[in-house]
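Data first, discussion second: the structure below is written as structure tokens.
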């Protein structure tokens with residue numbers, strides 16, 4: 001097994017990693033870190049959510065950044081506020097024993113004036129959602145002239161959330177003077193178009209082996225049932241997980257709201273997040289869930305982007321996702337940090353062929369319950 005020292009990481013960062021119990025590099029870290037430290041080129045790293053991508057790009061960035069230069073030298077784009085906060089928090093932890101490197105997270109739902117004031121101070125790394133970054137650029141509150149590296153984290157999610165235009169604008173501004181590192185669980189067609197347009201044909205690509213792209217610690221299950229009885233079977237499953245936390249995914253806001261009401265009527269501590277929630281209400285729900293005051297979060301695919309909660313025992317697919325790659329993002333919410341987890345789909349007989357398609361395209365094996 002490789003060590004972070006063998007990958008080329010400095011002792012100051014290794015000391016901080018040890019304190020937060022990151023001791024053995026993951027596969028995506030082993031494949032990415034040495035290359036990114038030694039080379040100046042565009043890069044694609046493909047690996048499932050929860051495999052350590054933040055350290056895979058974050059540690060090389062921190063090694064390259066000059067703490068004595070007050071300009072923004074690296075830009076990390078992420079699809080959601082939660083993921084921006086998470087990335088910035090993790091990078092901050094990595095710098096505990098290093099020279100001072102200032103990291104600022106900017107995203108919607110917070111007062112832009114406060115973010116503008118923060119950006120006026122020395123800042124070497126900015127973590128941003130695409131929409132808020134465009135707002136800040138329009139107000140000339142951030143200068144990207146000195147950016148040497150642009151990281152697109154969860155790039156497929158950014159496109160599925162409708163950030164195509166914002167990404168185009170940002171990459172047009174930064175592409176001439178910077179290198180682009182793209183990290184993603186999947187590479188759908190529209191993402192490949194961005195790669196073809198903005199990344200060098202000499203880019204370097206690494207992929208976690210297909211059988212590892214979806215976490216091996218997740219047990220993928222499906223249960224065939226009459227749609228009218230689906231809720232009853234979900235209640236039976238929840239009885240087998242009495243004190244465990246999980247997420248239930250639905251395709252639509254209406255289904256999320258309806259299912260949440262049904263769960264609450266059965267005295268299950270549940271709440272919903274969907275696209276129409278105000279940021280304040282979303283934060284309140286997420287805080288309750290992370291503090292284990294809620295047992296279950298009921299969510300749509302888009303609203304759950306960037307959710308990172310420790311110790312999720314299971315993910316339930318009340319409705320199968322519209323796009324097969326969404327299954328990767330859903331199931332990747334469980335079995336994080338070396339723990340095991342269950343991803344279970346409740347399907348009608350007609351939907352079994354879709355389970356077979358997910359198996360085939362994502363290299364999974366489902367167990368019929």
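The values are calculated or read from the model by the stated rules, or taken from the named source; none is laboratory data. From a predicted model like this one, the values you see are computed outputs, not experimental measurements. Cβ sites come from the backbone with ideal geometry, for glycine too, and all protein chains shown count toward neighbours.
How many residues, within segment 163-179, are outside any helix (DSSP H, G or I), touching a helix residue (DSSP H, G or I) at 6+ places or on another chain (Cβ under 6 Å) and within 21 Å of residue 57 (Cα to Cα)?
In the first step, residues of segment 163-179 are kept if they are outside any helix (DSSP H, G or I); the result is 163, 175-179.
Then drop every residue that is not touching a helix residue (DSSP H, G or I) at 6+ places or on another chain (Cβ under 6 Å), which leaves 163, 175.
Remaining after also requiring within 21 Å of residue 57 (Cα to Cα): 175.
Of the residues in that region, 1 qualify.
Go through segment 43-71 and give me each residue that's outside any helix (DSSP H, G or I) and closer than 30 Å to residue 327 by Cα. It would help to see each step written out before you state the result.
Going through segment 43-71, the residues outside any helix (DSSP H, G or I) turn out to be 43-52, 65-71.
Across segment 43-71, the qualifying residues are 43, 44, 45, 46, 47, 48, 49, 50, 51, 52.
Can you tell me which residue is surrounded by the most Cβ atoms within 10 Å (Cβ to Cβ) among those in segment 147-162 that are assigned to a loop (DSSP other than H, G, I, E, B) and modelled with pLDDT of 95 or more? Don't jump to the end; show me each part of the working.
Let us first name the residues in segment 147-162 that are assigned to a loop (DSSP other than H, G, I, E, B), namely 147-148, 154, 161-162.
Filter once more, so that each one left must be modelled with pLDDT of 95 or more: 147-148.
On the way: 147: 21, 148: 18.
Taking the candidates together, the pick is 147.
Kindly indicate whether residue 122 is touching a helix residue (DSSP H, G or I) at 6+ places or on another chain (Cβ under 7 Å), surrounded by 14 or more Cβ atoms within 10 Å (Cβ to Cβ), in contact (Cβ under 8 Å) with a residue 40 or more places away in the chain and in the same structural domain as residue 44 (by TED's automatic domain parsing). Don't jump to the end; show me each part of the working.
Numbers: touching a helix residue (DSSP H, G or I) at 6+ places or on another chain (Cβ under 7 Å): no; surrounded by 14 or more Cβ atoms within 10 Å (Cβ to Cβ): yes; in contact (Cβ under 8 Å) with a residue 40 or more places away in the chain: yes; in the same structural domain as residue 44 (by TED's automatic domain parsing): yes.
Answer is no for this residue.
Go through (1) out of contact with any helix residue (DSSP H, G or I) (no Cβ under 8 Å at 6 or more places or on another chain); (2) surrounded by 20 or more Cβ atoms within 10 Å (Cβ to Cβ); (3) assigned to a loop (DSSP other than H, G, I, E, B) one by one and return the number of the condition residue 322 breaks.
(2)
Answer yes or no as to whether residue 171 is in contact with a strand residue (DSSP E or B) (Cβ under 8 Å, 6 or more places away or on another chain), closer than 26 Å to residue 328 by Cβ, surrounded by fewer than 21 Cβ atoms within 10 Å (Cβ to Cβ) and touching a residue at least 12 places away in the same chain (Cβ under 8 Å).
It is true that residue 171 is in contact with a strand residue (DSSP E or B) (Cβ under 8 Å, 6 or more places away or on another chain), closer than 26 Å to residue 328 by Cβ, surrounded by fewer than 21 Cβ atoms within 10 Å (Cβ to Cβ) and touching a residue at least 12 places away in the same chain (Cβ under 8 Å).
Which is touching a strand residue (DSSP E or B) at 6+ places or on another chain (Cβ under 8 Å) and assigned to a loop (DSSP other than H, G, I, E, B), of 40, 31?
Details: 31 fails: assigned to a loop (DSSP other than H, G, I, E, B).
Testing whether each residue is touching a strand residue (DSSP E or B) at 6+ places or on another chain (Cβ under 8 Å) and assigned to a loop (DSSP other than H, G, I, E, B) leaves just 40.
Considering segment 98-114 alone, what residues qualify as being at pLDDT 95 or above and loosely packed, with under 14 Cβ neighbours inside 10 Å?
113, 114
From the list 301, 271, which residue is touching a helix residue (DSSP H, G or I) at 6+ places or on another chain (Cβ under 6 Å) and either surrounded by fewer than 18 Cβ atoms within 10 Å (Cβ to Cβ) or over 30 Å from residue 187 (Cβ atoms) (or both)? So that I can check it myself, show each step before the final result.
Numbers: 301 fails: either surrounded by fewer than 18 Cβ atoms within 10 Å (Cβ to Cβ) or over 30 Å from residue 187 (Cβ atoms) (or both).
Exactly one residue qualifies, and that residue is 271.
Under 22 Å from residue 144 (Cα atoms) and either free of Cβ contacts under 8 Å to residues at least 24 places away in the same chain or surrounded by fewer than 19 Cβ atoms within 10 Å (Cβ to Cβ) (or both), is that true of residue 27?
No.
Filter segment 181-197 down to residues that are surrounded by fewer than 19 Cβ atoms within 10 Å (Cβ to Cβ) and at pLDDT 90 or above and give me whichever is nearest to residue 51 (Cα to Cα).
Here is the first cut: in segment 181-197, the ones surrounded by fewer than 19 Cβ atoms within 10 Å (Cβ to Cβ) are 187-190, 192-193, 196-197.
With the extra rule that they be at pLDDT 90 or above, the set shrinks to 192-193, 196-197.
Working: 192: 22, 193: 25, 196: 26, 197: 27 Å.
Looking at the filtered set, the residue picked out is 192.
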